[in-house]
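S.K.: This is the structure I have questions about; it appears just below.
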Amino acid sequence: MNRTGKQEIIKEMQGVLQTYSSFYFVDYKGLKVKEISDLRDKIKESMGSMKVVKNTLLKKASSDMELKPVEKFLQGPTAIAWSSSDPIPLAKTLVSFAKDNPNLKIKGGFVDGSLLSINEVETLSRLPGLIELRSQIVGLLQAPMSKFLRILKEPARSVAVCIGEKSKK
């Protein structure tokens, strides 16, 4: 790869590191091409992206941005996965894929300015995602109102049942 190509990759990775607040580092050594393609497809389903980058280029991209702690993940074959929205679905995807394919090893992550270890990425993957949290909040907000309406309807329902039973006799 020539110098211009390397500079383009460094700029692209700087854009990724500046734009997105969550990204994960994985070791893909031992995965077959089909498995990597499956992983990329699953990552796309969770609204994320993945790119294999040379460690030296990723170090140069992160050094200009005060992301020095990330360098500890840049040893051996490294791929970076990032999410454009919620970091939890991508963590769930990576952890579940790693369970099915032991050759994929999660090195760690960086979410909202915090460095995450492997265990913290796994813990993050067990949390509900943003969509699930929103639906739980909506359910909590609706529950009291629906209970209240049920209580209001109950006397009228009881009267209707009594009248129905009387009419049968």
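S.K.: Out of all the residues in the range 44-55, is one or more within 30 Å of ARG134 (Cα to Cα), among the hydrophobic types (A, V, I, L, M, F, W, C) and in a helix (DSSP H, G or I)?
M.R.: So far as the range 44-55 goes, no, none of its residues is within 30 Å of ARG134 (Cα to Cα), among the hydrophobic types (A, V, I, L, M, F, W, C) and in a helix (DSSP H, G or I).
S.K.: Determine whether ALA61 is assigned to a helix (DSSP H, G or I), surrounded by 13 or more Cβ atoms within 10 Å (Cβ to Cβ) and not β-branched (Val, Ile, Thr).
M.R.: It is true that ALA61 is assigned to a helix (DSSP H, G or I), surrounded by 13 or more Cβ atoms within 10 Å (Cβ to Cβ) and not β-branched (Val, Ile, Thr).
S.K.: Taking the range 1-26, which residues are under 20 Å from LYS72 (Cα atoms) and within 19 Å of the chain's Cα centre (by Cα)?
M.R.: Matches in the range 1-26: VAL16, LEU17, GLN18, TYR20, SER21, SER22, PHE23, TYR24, PHE25, VAL26.
S.K.: SER84 is checked against (1) surrounded by 16 or more Cβ atoms within 10 Å (Cβ to Cβ); (2) small (Gly, Ala, Ser); (3) under 20 Å from THR19 (Cα atoms) and fails just one. What number does that condition carry?
M.R.: (1)
S.K.: Out of LEU152, LEU94, LEU116, report the one residue that is assigned by TED's automatic domain parsing to the domain that holds ILE10 and either more than 21 Å from GLY30 (Cα to Cα) or touching a helix residue (DSSP H, G or I) at 6+ places or on another chain (Cβ under 6 Å) (or both).
M.R.: Exactly one of LEU152, LEU94, LEU116 is assigned by TED's automatic domain parsing to the domain that holds ILE10 and either more than 21 Å from GLY30 (Cα to Cα) or touching a helix residue (DSSP H, G or I) at 6+ places or on another chain (Cβ under 6 Å) (or both), namely LEU116.
The values are calculated or read from the model by the stated rules, or taken from the named source; none is laboratory data. It should be emphasised that the depicted structure is a prediction, and the values quoted were computed from it without experimental measurement. Note that each Cβ is placed from the backbone with ideal geometry, even for glycine, and that neighbours are counted across all protein chains shown.
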